[in-house]
Amino acid sequence: MPKAASIRVIGVVAAIVFFALTAATASAAAPYCPPDQDPEFVLGFAFMKSQLGDVMGEPLECEHPNPENGDTLQQTTTGLAFYRKATNTPTFTDGWNHWAWTADGMVQWTGDAIEPPPSFRDQYDAATITEFREMISDLGIIAKWQGPILLEVRGSPTAADIAEVDELIHEIGPLITRVAISRVQAGGNMAIYFIPRWQFSDYLDVVNPRAVGAAHPSWGLAFGEIGSAIVLVDYRLSLAARSKVLKHEVLHALGWIEHSLRPDSIMTPWLEGAIDWSPTDINLIRILYDDRITPGMTAADLTAIGLWVQSSLRTVAATTGIDGRVAAIRGTFAGTDWAISLAPAH
Ligand SMILES: [Zn+2]
């Protein structure tokens, strides 16, 4: 199909020469145009031209239906503009690159597919999309891992704790498919300490002495890219509570910066409540680790790909949460200074 598409583009180039030659002798001969009308982009195609500029070239003919499938077509000097009949979406392709103006704005993709890839709105319900803005920081900047995550368990874990970590890896792996996650004996980049909470301050500035867990992801080389993390779990909790705190803090360490106020979420800031993650929690991790979302993306970037994200106005709900988080990273943004410490209050 790419071959056929590129042949079509060559055909278009040949057509340019042809029409350039004929234009000198018969100015009214543009295909599918009424007499004495020059080809032009109108309506949706005119809008696409305003967005894509030179990429879209100039029209070689007037818009016309394709009798085979009901689509509307217009050849240009660089490719083909078309509306798919079923979706009425203005689309342009140079044979390999595609652009379409969709409900989520301009979408670009490459390859053989004529239709745009499914949008987040196609894939997830509105409540999940809305919730996504609550999981990332109030600054609306995406933090996530790009490279392999190597969990290393330290402190005094029981065999059951190790099993919980392995189970968590098993559960998270399919959600972050482009990032490998595994447990290592040494040299890990996500250190999980099972320690009494009075030792927390040896590892992190945990401001709340009642915290039973904490997480601190730190930047790697690139802005927004998490390169390492420390997770603390109070080993004196019950196994069930340790399991919850472990999950909660590891999700923070993956880039789920804020807390959720959904009662079924494992990311509420309280030890009480849900002990396991909900389907929405799972989908939010999937969205965060979707290829379309890259480290350092801002609220505007996210809005442009169909995720409605804006700075949340809510305040952090508790000062006595699982992880003793108080002010989170709010107000600490100062250019790249913020990169040094993602969540200093943890
Ligand atoms: Zn938390």
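The values are calculated or read from the model by the stated rules, or taken from the named source; none is laboratory data. Since the model is a prediction, treat every value here as computed from it, not as a measurement. FYI the Cβ positions are ideal-geometry reconstructions off the backbone, even for glycines, and counts take in every protein chain you see.
Observations on the model:
- Any chance Thr91 is closer than 26 Å to Glu68 by Cα, part of a loop (DSSP other than H, G, I, E, B), of a type outside the set (A, V, I, L, M) and touching a residue at least 24 places away in the same chain (Cβ under 8 Å): no
Every residue, every condition in (1) within 16 Å of the ligand (Cβ to nearest atom); (2) surrounded by 13 or more Cβ atoms within 10 Å (Cβ to Cβ); (3) free of Cβ contacts under 8 Å to residues at least 40 places away in the same chain; (4) under 18 Å from Arg242 (Cβ atoms), yes or no:
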residue: Ala143; (1), (2), (3), (4): yes, yes, no, no
residue: Val153; (1), (2), (3), (4): no, yes, no, yes
residue: Ala160; (1), (2), (3), (4): no, no, no, yes
residue: Ile169; (1), (2), (3), (4): no, yes, yes, yes
residue: Leu221; (1), (2), (3), (4): no, no, yes, no
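- Counting the residues of region 175-191 that are part of a strand (DSSP E or B) and either touching a Lys or Arg at 6+ places or on another chain (Cβ under 9 Å) or hydroxyl-bearing (Ser, Thr, Tyr) (or both) gives 2.
- Residues located in region 249-268, provided they are touching a residue at least 60 places away in the same chain (Cβ under 8 Å) and under 15 Å from Glu134 (Cβ atoms): His252, Gly255, Trp256, Ile257, Glu258, His259, Ser260, Leu261, Arg262, Met267
- Criterion (more than 13 Å from the ligand (Cβ to nearest atom), surrounded by fewer than 19 Cβ atoms within 10 Å (Cβ to Cβ) and either of a type in the set (D, E, K, R) or assigned to a loop (DSSP other than H, G, I, E, B) (or both)) met by exactly one of Arg242, Arg262: Arg262
- Extreme residue, modelled with the highest pLDDT, among residues of region 205-232 that are part of a loop (DSSP other than H, G, I, E, B) and within 22 Å of Thr298 (Cα to Cα): Gly224
- Phe132 passes every criterion in (1) outside any loop (DSSP other than H, G, I, E, B); (2) in contact with a strand residue (DSSP E or B) (Cβ under 7 Å, 6 or more places away or on another chain) apart from (2).
- Checking region 288-306 against the condition returns no match, with no residue being on the phi < 0 side of the Ramachandran plot, within 15 Å of the ligand (Cβ to nearest atom) and either in the same structural domain as Ala229 (by TED's automatic domain parsing) or at pLDDT 80 or above (or both).
- Among the candidates Arg236, Arg210, the residue that is within 16 Å of the ligand (Cβ to nearest atom) and surrounded by fewer than 19 Cβ atoms within 10 Å (Cβ to Cβ) is uniquely Arg210.
- When Pro34, Pro39, Pro117 are checked against the criterion of being farther than 28 Å from Leu307 by Cα, assigned to a loop (DSSP other than H, G, I, E, B) and touching a strand residue (DSSP E or B) at 6+ places or on another chain (Cβ under 7 Å), Pro39 stands alone in meeting it.
- For Asp281, the conditions (1) farther than 20 Å from Asp161 by Cβ; (2) within 15 Å of the ligand (Cβ to nearest atom); (3) free of Cβ contacts under 8 Å to residues at least 60 places away in the same chain; (4) in a loop (DSSP other than H, G, I, E, B) all hold with the exception of (4).
- Tabulated pairs, region 39-50, first under 18 Å from Val107 (Cα atoms), second aliphatic (A, V, I, L, M) and surrounded by 13 or more Cβ atoms within 10 Å (Cβ to Cβ), C-beta under 7 angstrom, 6+ apart or interchain: Phe45/Ala81; Met48/Met56; Met48/Ala81; Lys49/Met56
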